[in-house]
Structures are given as structure tokens and as C-alpha cells.
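Q: Just dropping this structure here.
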Number of protein chains: 2
Amino acid sequence: MKRTSLAGDSCPVARALDVFGDWWSLLIIRDASLGRRRFGEFQASLGLAKNILTTRLRTLVERGILKTVPASDGSAYQEYVLTPKGHGIFPILVALRQWTEEFDDHPDEIATIMVDRDKGKPVKKLALLSQDGRVLGAADTTLKPRPAAKRARRVLA
Amino acid sequence: MKRTSLAGDSCPVARALDVFGDWWSLLIIRDASLGRRRFGEFQASLGLAKNILTTRLRTLVERGILKTVPASDGSAYQEYVLTPKGHGIFPILVALRQWTEEFDDHPDEIATIMVDRDKGKPVKKLALLSQDGRVLGAADTTLKPRPAAKRARRVLA
DNA sequence: TTGTGTGGTTGCAATATTAAACCGTATGCC
DNA sequence: GGCATACGGTTTAATATTGCAACCACACAA
């Protein structure tokens with residue numbers, strides 16, 4: 001099927017999807033952001049085949065989303081933890097979560113809610129703000145060419 | 001390859017990915033939110049095979065992300081526009097965009113920036129706020145079991 | 001020695017993607 | 001009207017990729 005790579009695309013959405021837009025990567029990242037660190041934890045949680053987990057972990061490390069660290073329990077094994085680049089994906093996970101909370105047909109099947117750790121109260125919806133503090137919807141935004149945009153290999157949106 | 005369906009998963013992230021987490025759907029949605037409406041527009045913009053575009057459009061319609069409307073130019077064809085559920089994906093696109101803007105290794109290849117339509121100034125970063133207005137990072141949040149969570153078919157994170 | 005945690009390797013089945021041919025409906029032009 | 005061309009899909013066949021299962025191997029622990 002030769003998935004066409006989006007790596008050279010000039011659209012930032014496509015570029016992000018090229019990095020972790022496959023079926024499992026975001027779920028692995030979600031698990032990592034939940035504190036899972038060990039191969040076995042990921043495998044048990046996600047139920048995916050071990051070989052696939054192996055390759056996914058490897059490419060996520062290659063791409064700077066995860067890094068391996070010596071196991072915290074002193075064994076010779078390694079653990080996988082998010083890099084800053086990986087932690088930066090957190091808002092995307094939140095956005096996905098909130099979309100489901102708002103639009104899913106069976107919201108009663110959602111098991112968890114995200115709460116402020118201090119107060120234990122649900123977080124607010126992600127908001128997109130303008131420089132002067134107004135809340136912006138999709139219709140209130142446009143795309144402008146980036147000031148000094150270099151020519152990308154493939155120019156889309 | 002029999003992608004294991006995540007539809008019954010209790011994690012809202014997984015549920016969202018089950019709806020539009022494949023390789024093309026989010027890009028189609030991005031195009032739609034950019035104002036593209038016609039089959040040919042999507043195909044030309046994305047460069048994917050036409051049959052795939054056909055099936056993707058159909059499942060996005062089935063899932064309530066897009067709807068078909070009679071063509072605006074009076075021809076007998078149809079156009080594809082976002083439903084409210086589809087428009088709700090906008091924050092996810094913004095989150096993806098901002099992640100790339102912040103972490104991509106070649107940010108100079110990004111062609112566009114998102115600006116406030118009124119003022120033409122770049123938008124601010126998506127912020128996650130607590131009820132009392134503090135900005136929350138990943139470490140400042142936890143997941144709590146949903147109050148009256150019904151048992152989902154598969155219970156993960 | 002036995003068991004467990006981490007993977008790698010191999011083989012097979014299922015699916016996704018693509019390119020290309022094809023078709024019915026319009027549209028433009030003479 | 002007649003012809004050529006474009007649009008909107010559908011179908012088909014070839015190919016590439018993913019997923020699963022099972023087995024292998026090595027490191028460490030008991």
C-alpha cells in the first residue's frame with residue numbers, strides 16, 4: 001500500500017501525523033503520559049502484538065518522542081519515558097479526549113474524567129485565544145503564509 | 001492486518017482515534033475545515049487514490065463528521081461539509097499544528113501560521129485551565145473514574 | 001533450574017493503498 | 001445536434017504493509 005510519507009509536507013498538521021499518526025503510536029504516548037514505562041506494561045495495556053510494540057517503541061525513540069532510561073528497579077532492562085517533545089503531545093491527547101466527551105454517541109462508556117490534581121475538579125475545555133484574549137472558533141481564524149517560509153518539497157494547505 | 005477496533009474502549013482518546021485516527025481522515029477533515037468541499041478538491045489537494053477518498057468520505061459521513069449537501073454550483077453533484085461534530089475537531093487540528101510549530105526539526109518548512117481573522121495576529125497557544133483559571137500542564141492533572149461510568153466492553157486507561 | 005521480562009524472527013492472514021480502467025453525468029464548443 | 005472533455009465515482013488487480021501467533025534467545029531472579 002505504500003503509505004505516502006507526509007514528512008516533507010508543508011502543512012504542520014500533516015507533519016505531526018507523519019510522526020505519530022499511525023494506529024498505535026498515540027496510544028503508546030497516552031500510556032506513557034499515564035506513567036507506564038515498561039515494555040510489559042504497554043503490551044498488557046494495549047494488547048498489541050509484541051513485535052509491533054517493539055517497532056513502534058523504536059521509531060518513537062528515533063523520532064525523539066520517547067527515550068530509554070535504565071530501569072528504575074535496578075534490573076538491566078530499560079524503560080521508556082517521554083522526552084520534552086513527547087510531553088508536548090499532551091494537549092493533543094486532551095483535545096482528543098474532550099472531543100469524545102462532547103460528541104461521542106455513547107459518552108456513558110467513557111471511564112475517566114480529567115481533573116485538576118490540586119482541587120480534583122474537572123478541567124475546562126481547551127480554549128484558543130487571540131493575542132488580546134478573545135476566544136476564537138474555527139471561523140475566527142485564517143492561515144497566513146509564514147513570513148520567511150522556505151519552499152517545502154510538497155506544498156499543500 | 002485486521003486493525004483491532006477501539007470503538008468499545010473506555011478511553012476517550014482511543015474512541016476518538018477509532019473515528020478518525022487513520023492515515024487520511026484527519027487530513028480530509030483539515031481540508032474541509034479549510035473550505036474544500038468537492039471530491040475533486042480533496043483528491044487534488046491530498047493526492048490520494050480516488051477509491052480511498054471515496055471510502056473515507058463515506059465513512060466520515062456515516063460517522064457524522066461530514067454531511068453531503070447538493071452542490072453549490074447547481075450541478076447534480078454533491079459536496080461534503082463538516083457537521084457540528086466535525087467542526088468540533090478543530091481544536092485537535094490546532095493542537096497538532098502547534099505541536100509541529102514547537103517541536104518540528106525543520107520548522108522552516110512550515111508554510112502557514114494561524115492568525116486571528118480580525119487582527120491578523122498569530123493565535124496564542126492552546127491552554128488547559130482549571131476551574132479557577134490556573135494554567136495546567138500534564139503533571140497538574142489526573143484522571144478520576146467517571147461518576148456514573150457504565151461498564152465498557154474493554155477497560156483500559 | 002525454572003520462571004519471568006524483553007525483545008527478535010519468521011510465517012501467514014488480512015487489510016490498505018495504489019494505479020488504471022471504466023461509466024454515467026454534465027459542460028463547453030462547433 | 002454532435003463531439004470532446006471534465007467531474008464524480010466505482011471496480012479491478014497488483015502490491016505493500018500491518019497484525020497476530022508462535023517460537024527463539026538472552027538476561028536476570030528465585
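The values are calculated or read from the model by the stated rules, or taken from the named source; none is laboratory data. These numbers come from a predicted model, not from an experiment. In this analysis, Cβ positions are derived from the backbone assuming ideal geometry, glycine residues included, and neighbour counts consider all displayed protein chains. To get the accessible areas, we keep the full protein, side chains included, count just its heavy atoms, and leave off ligands, DNA and RNA. Shrake-Rupley method; radii C 1.70, N 1.55, O 1.52, S 1.80 Å.
Q: Cα extents of chain B along the three principal axes, largest first, in whole Å?
A: 52, 45, 30
Q: While we're here: Averaged per residue, what accessible surface does the range B:12-140 expose to a 1.4 Å probe, in Å²?
A: Numbers: 5710 Å² over 129 residues.
Each residue of the range B:12-140 exposes 44 Å² on average to a 1.4 Å probe.
Q: Calculate the length of the line joining the C-alpha centroid of the range A:15-63 to that of the range B:1-71, in whole Å.
A: If we compute the Cα centre of each part, the gap is 23 Å.
Q: What percent do you get for the relative contact order of chain B when only Cα pairs under 8 Å and 6+ apart count?
A: 23 percent.
Q: Where in the range A:104-122 is the amide nitrogen less than 12 Å from a point lying 7 Å along the Cα-to-Cβ axis of residue B:143?
A: Counting backbone N atoms under 12 Å from the label point, the list is A:110-115.
Q: Related question: Pop out the ³J(HN,Hα) list for the range B:126-138 in order, Karplus 6.51 cos²θ - 1.76 cosθ + 1.60 with θ = phi - 60°, rounded to Hz; leave Gly and Pro as x.
A: After applying 6.51 cos²θ - 1.76 cosθ + 1.60, I find 4, 10, 9, 10, 7, 3, 9, x, 7, 7, 10, x, 4 Hz.
Q: Roughly how many Å² of residue B:106 are accessible to a 1.4 Å probe, to the nearest 10?
A: 100
Q: Considering amide H positions built from the backbone, and no H for Pro or chain starts, which residues 5 or more places from residue A:141, or on another chain, come under 5 Å of its amide H?
A: B:117
Q: How big is the charge dipole of chain A about its Cα centre, in debye rounded to the nearest 20, if each Lys and Arg gets +1 on its Cβ and each Asp and Glu gets -1 on its Cβ?
A: Rounded to the nearest 20 debye, it is 940 debye.
Q: From other protein chains only, count the Cβ atoms within 10 Å of every residue's Cβ in B:32-45, then give the mean.
A: Rounded to a whole number, the mean comes out at 1.
Q: Also, quick follow-up: Greater than 28 Å separation of Cα atoms is the criterion. Which listed pairs, A:85/B:144; B:50/B:119; A:85/A:125; A:124/B:121; B:67/B:124; A:121/B:85, meet it?
A: On the way: A:85/B:144 26 Å; B:50/B:119 39 Å; A:85/A:125 23 Å; A:124/B:121 25 Å; B:67/B:124 31 Å; A:121/B:85 26 Å.
Pairs exceeding 28 Å: B:50/B:119; B:67/B:124.
Q: Let me ask something else. Checking a compactness column here: for the range B:1-56, what do you get for Rg(Cα) / (2.2 N^0.38 Å), N being the number of residues? All intermediate terms of the calculation are to be shown ahead of the outcome.
A: Values: Rg = 13.1 Å, N = 56, 2.2 N^0.38 = 10.2 Å.
In units of the globular-protein estimate, the range B:1-56 measures up at 1.29.
Q: For labels at residue A:68 and residue B:81 in the simple 7 Å Cα→Cβ model, what's the distance in nm?
A: Placing both labels 7 Å beyond Cα along the Cβ direction yields 5.3 nm.
Q: Next up: Grab the DSSP H runs of the protein assembly as shown that are 4 residues or longer, score each as -39,500 (n - 2.57), total them, divide by all residues and round the 222 nm result to the nearest 500 deg cm²/dmol.
A: Details: 12 runs with 114 residues, N = 314.
Value at 222 nm, helices only: -10500 deg cm²/dmol.
Q: For the protein assembly as shown, what does the alpha-carbon gyration tensor say about shape, rounded, prolate or oblate, given a ≥ b ≥ c as the root eigenvalues, a/c under 1.5 as rounded, and a/b over b/c as prolate?
A: rounded
Q: Mind checking which of A:110, A:127, A:142 is farthest towards the positive end of chain A's charge dipole, using Cβ charges of +1 (Lys, Arg) and -1 (Asp, Glu) about the Cα centre?
A: Looking along the dipole axis, the top candidate is A:142.
Q: List the accessible area buried at the contact between A and B, summed over both sides and calculated with a 1.4 Å probe, in Å² to the nearest 100.
A: Result for this pair: about 8600 Å² buried.
Q: A further question on this structure: Rg and Dmax of the range A:35-123, using alpha carbons, in Å: what are they?
A: According to the Cα coordinates of the range A:35-123, Rg and Dmax are 15.8, 46 Å.
Q: Suppose we keep just the DSSP beta bridges with both residues in chain B; what percent of those would be antiparallel, to 5?
A: Here the antiparallel bridges make up roughly 90 percent for chain B.
Q: Moving to a separate point now. At residue A:132 and residue A:52, where each label point lies 7 Å from the Cα along Cα→Cβ, what is the point-to-point distance in nanometres?
A: 5.0
Q: Keeping the other protein chains in place, figure out the carbon and sulfur percent of the accessible area of the range A:12-140, with a 1.4 Å probe.
A: The value for the range A:12-140 is 52 percent carbon and sulfur by accessible area.
Q: Over what distance in Å are the Cα centres of the range A:115-141 and the range B:94-141 separated?
A: With the range A:115-141 and the range B:94-141 each reduced to a Cα centre, they are spaced 11 Å.
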